[in-house]
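Each remark here refers to the structure printed beneath this line.
Values quoted throughout were computed directly from the atomic coordinates according to the rules given, and no laboratory measurement underlies them. If you're wondering where the values come from, they're calculated on a predicted model, not measured in any experiment. Because the Cβ atoms are built from the backbone with ideal geometry, glycine has one as well, and the counts that use them run over all protein chains shown.
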Amino acid sequence: MTELLNSVIIFVQGLGQWGVIIASILLFFESIVPMIPLLVFVTIEYMLLGPVLGFIVSWVFTVLGCVASYLIFRNGFGDKFDNLTENKELIRKYKRMFRHISTGKLILIVAFPFTPAFVVNIAAGLVKMDFKKYLIALLFGKISLVIYSAYVGTSVVESINNPIILVKIAALIGGVYLLYLVAKKIFKIS
């Protein structure tokens, strides 16, 4: 994995500014169609742009991709999904449960590094989750996810083998959740 990542980074660096643009576009589409792990694109952005600008670009394009995926499934398939599942009580029960999940719980789902973002995007779109709640969860949850992806950098396995990294990530997710709780009080978010 490390050799592949190094090869990709060298190739993208050779593209100059086009490398940043291509990596950003791929970050956007990764949220819709997960072809390569987010970790790879975020690492490329960090290596090309540095930690601050790399974080901002990665975070913005990841959130935009998730919003696009949500809107595609909400507007393109939401009514069809409702029609297909209207007579299935168990599915309707889970749809209601996911649609009415608290913003805080949704932030934790989005922030967890091993949650497939495209599944959350599709589910939120299909159940027609409130856009404001979904966007707030993305904006807060993706902070720790992008930092995690950059921190781990070359391999998810590293974080599993090194418990200190997992403790730091848990603290980061907890910090983002506390930030959300403060924002919830200030902006009166339900």
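Please report 99, 74 as a ranked list, fewest other C-beta atoms within 10 angstrom at the top and most at the bottom.
Taking fewest neighbouring Cβ atoms as first place, the list is 99, 74.
Where nothing but the Cβ of Lys and Arg (+1) and of Asp and Glu (-1) is charged, how large is the charge dipole of the range 2-187 around its Cα centre, in debye to the nearest 20?
940
If I take all pairs of Cα atoms in the chain, what percentage of them are more than 28 Å from each other?
Every Cα pair in the chain considered, those over 28 Å come to 30 percent.
Given the C-alpha centroids of the range 42-74 and the range 101-133, what is the distance between them in whole angstrom?
The range 42-74 and the range 101-133 have Cα centres separated by 16 Å.
Tally Lys/Arg at +1 and Asp/Glu at -1 over every other residue whose Cβ is under 11 Å from the Cβ of residue 102; what's the total?
Summing Lys/Arg as +1 and Asp/Glu as -1 gives +3.
Which of the listed residues, 183, 73, 24, is farthest toward the dipole's positive end in the range 2-187, when Lys, Arg count +1 and Asp, Glu count -1 at the beta-carbon?
Selected residue: 183.
Applying a 10 Å radius around every beta-carbon, put 108-115, 55-62 in order of their mean neighbour count, most first.
Highest mean packing first, the order is 55-62, 108-115.
Do any of 80/133; 95/168; 80/142; 88/188; 105/128 go past 26 Å between their Cα atoms, and which?
95/168; 80/142; 88/188
Counting other C-beta atoms within 10 Å, which of 24, 144, 190, 69 has the fewest, and how do the rest follow?
Ranking 24, 144, 190, 69 by Cβ neighbours within 10 Å, fewest first, gives 190, 24, 69, 144.
Between residue 183 and residue 139, what length in nm is gained on full extension when 0.36 nm per residue of separation is reduced by their alpha carbon distance?
Working it through step by step, the gained length comes to 14.7 nm.
Take the chain, connect every pair of alpha-carbon atoms lying under 10 Å apart with a spring to form a Gaussian network, then pick out the residue of 84, 71, 53 with the largest mean-square fluctuation.
84
Could you tell me which of the pairs 93/132; 132/185; 93/185 are separated by over 27 angstrom between their Cα atoms in the structure shown?
As for pairs spanning more than 27 Å Cα to Cα, those are 93/185.
Cut-off is 10 Å between beta-carbons; in what order do 45, 30, 89 appear when sorted fewest neighbours first?
Result, fewest neighbours first: 89, 30, 45.
Place a point 7 Å from Cα of residue 167 in the direction of its Cβ. Which residues in the range 124-155 have their backbone N less than 12 Å from it?
none
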